[in-house]
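The block underneath contains the structure these notes are about, expressed in structure tokens.
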Amino acid sequence: MNAEAVLGIDLGTSVVKAGIYGFDGAMHASASCPLTLSHSGPGRAEQDLDDFYEAAAAASRVCLAGGYAPERIGAVAMVGQMAGVGIVDKDHRPLAAFDSWLDTRCGDVADELSRTLGDRITATAGCAPTISIGPKMLWWRRHRPDVCRDAASFVTAAGYVAGRATATVGRSAFIDPSYLHFTSVADVGRAAWDEALVDAVGVDPDLLPRIVESAEIVGTLTDRAAADFGLRPGVPVAAGCGDTAASALGAGAARAGQAFDIAGTAAVFGVCLPVFAPDASDGTLMTMRAALPGRWYSLAYVGGAGQVVEWVCREVLGHASVDPDAYADLAAAASSVPPGSDGVMVSPHFSGRVAPVSPSMRGSIVGLSAVTGRAHLARAALEAIAFEYRRYADIARGAAPDVAVTEIIGTGGGSRLDVWNQIKADVLATPYRPVVGAESGTRGAAMVAMAAIGQELPELEPSAYGPVARPDPATTAAYAAATESYQRWSARWAAGYRSESALTEHHGTGDTI
């Protein structure tokens, strides 16, 4: 039987998703499997690399359980969470738990690199040092030299799963260009390691994985992996890419000037650019290479934004579980409050701010009055993400002034909240078009797999998009002042938490890691 479909697997933070897609782009089957995130101490957020593999295999088997013939699958691609890092030995076995993107242990390293090499790193790697792969690699070299002595390479979560499935060993570990901005030691414009920057930062060059294109075939499924995934041995496996790059590709945000919003555990906003244009002046945005050559994304994200929304549902609106009823209540509450939430503002950085980096920053609320109710807090939390996005969009326009932002394509669970889509459209003065008929992460992974075997990439059908939220000029004008006020408060919050953190460390009462 000839191959006529591919398997795309998306390794997230709380769940692994899998989808079978025909060469026409239609999804034939989907499945998911939960993951565990452990917090073993202050600042720690870790996952088991083998759990990623087992969850990916389980999701694949469920996809095929409906009767889809394994022989029809022509290729597989894994995509995954981006700012975390794992470490493996010469046999590609994990030497430690996966250091999640939510783990803040490397915060002091990121601050140090920002002070000493920030401008150089931003100009070359396209991203100011933050809580991500580069500072994490340096943290491991400094704090766990015993682990690094036995190591062969650092790996991404998706790179580990693909490597285990294809019997990758030793120095064959790989990373694709979509992750490189997070490494602090790469030339993202050339998709290569910058040897001078590697030396200046202090990362061990012997532990850097080889760089391969997202659609490069890195191997084929071993007999064991084929049995695990329910597929036939010898199926080609593409290198894959980061989940943000996959979601942008899968949602159809691939033309210059299109923006995307991934409203998930992290709230990610990016603008597609035809050139590598790092944010050298502000140091807030990251410039990510797209999954396929010829495009870059100027982006930033609010870490844990989805958790903030869940917190509102549970702790503010009183829902025991975060289910469709909770989200319906959230939408109703937010819709009952006027734009600007009567002056109430929320800092959504419950676990530190990523862009620009401020690990000590936490959640805050200002503007409370005698008339403030739960609905004000609900709307203010949603508006906070939109205010962050507005700053990102303004900086992107400055970095690439010839590229006009024409529309925002929304994906992720949060894009199903119509009131939130309208808030974003009004705050950013840009039409917002949600993807409702496709799972962009696994679809993007599937498109990488198609590219790996030479298939033409399909476009999303118009029916996959939901109703467009168009900005209301009067509301946009009102939000302009609220955005400026939010930015001033944001600067105060960052400075205040930074000062408190320094005082705590000085008095020796802070957390130790």
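No lab work stands behind these numbers, since they all come straight from the coordinates. Predicted model only: the values in this text are computed from it and were never measured. All Cβ positions, even for glycine, are placed from backbone atoms using ideal geometry, and neighbour counts span all protein chains on display.
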Sort the following peptides by mean Cβ neighbour count (other Cβ atoms within 10 Å, averaged over residues), highest first: 288-295, 167-174, 73-80. 73-80, 288-295, 167-174
With contacts defined as alpha carbon pairs under 8 Å and 6 or more residues apart, what's the relative contact order of the chain in percent? 16 percent
Quick one: dipole size for segment 404-513, taken about the Cα centre, charges +1 on Lys/Arg Cβ and -1 on Asp/Glu Cβ, in debye to the nearest 20. 200 debye
Short version: ³J(HN,Hα) in whole Hz for each residue of segment 182-193, in order, from phi by Karplus 6.51 cos²θ - 1.76 cosθ + 1.60 (θ = phi - 60°), x for Gly and Pro, what are they? 7, 8, 6, 10, 10, 8, 5, x, 9, 6, 8, 6
Length-normalised contact order of segment 82-207 in % [C-alpha pairs under 8 Å, at least 6 apart]: 32 percent
List residues of segment 1-25, by number, whose backbone nitrogen lies under 18 Å from a label position 7 Å along Cα→C-beta of I453. 1-10, 18-25
Helical mean residue ellipticity (222 nm; -39500 (n - 2.57) per DSSP H run of 4+; nearest 500) of the chain: -11500 deg cm²/dmol
³J(HN,Hα) computed for each position of segment 25-42 - Karplus, 6.51 cos²θ - 1.76 cosθ + 1.60, integer Hz, glycine/proline x: x, 6, 7, 9, 7, 8, 7, 9, 9, x, 10, 10, 10, 9, 10, 8, x, x
Where a ≥ b ≥ c are root eigenvalues of the Cα gyration tensor, a/c under 1.5 meaning rounded, otherwise prolate if a/b exceeds b/c and oblate otherwise, segment 83-220 counts as oblate
D223 paired with V169, simple spin-label distance in nm, labels 7 Å along Cα-to-beta-carbon: 1.6 nm
Separation between the D119 and L37 pseudo-spin-labels, each 7 Å from Cα along Cα→Cβ, expressed in nm? 3.6 nm
Net dipole in debye of segment 5-245 [+1 Lys, Arg Cβ; -1 Asp, Glu Cβ; about Cα centre; nearest 20]: 240 debye
With a/c under 1.5 counting as rounded, go ahead and sort segment 151-300 into rounded, prolate or oblate using the C-alpha gyration tensor (a ≥ b ≥ c being the square roots of the eigenvalues; past the cut-off, prolate if a/b is larger than b/c, else oblate). oblate
Coordinate range along principal axes, alpha carbons of segment 5-245, Å, largest first: 57, 38, 29
Of G41, A328, A128, which is farthest towards the positive pole of the chain's charge dipole, taken about the Cα centre with +1 and -1 on the beta-carbons of Lys, Arg and Asp, Glu respectively? A128
When the dipole is taken about the Cα centre of the chain, and only Lys, Arg (+1) and Asp, Glu (-1) are charged at their Cβ, what size is it in debye, to the nearest 20? 320 debye
Packing-based exposure ordering (other Cβ within 10 Å, fewest first) of L113, L285, L64, L37: L37, L64, L113, L285
Please arrange M447, M27, M286 by counting, for each residue, the other beta carbons lying within 10 Å of its beta carbon, fewest first. M27, M447, M286
Relative contact order (%) - segment 149-263, alpha-carbon pairs under 8 angstrom, separation at least six: 27 percent
Label-point gap, in nm, between R314 and A478 - each point 7 angstrom along Cα→Cβ: 3.2 nm
Could you please rank Y392, Y479, Y68, Y327, placing first whichever residue has the fewest other Cβ atoms within 10 Å of its Cβ? Y68, Y327, Y479, Y392
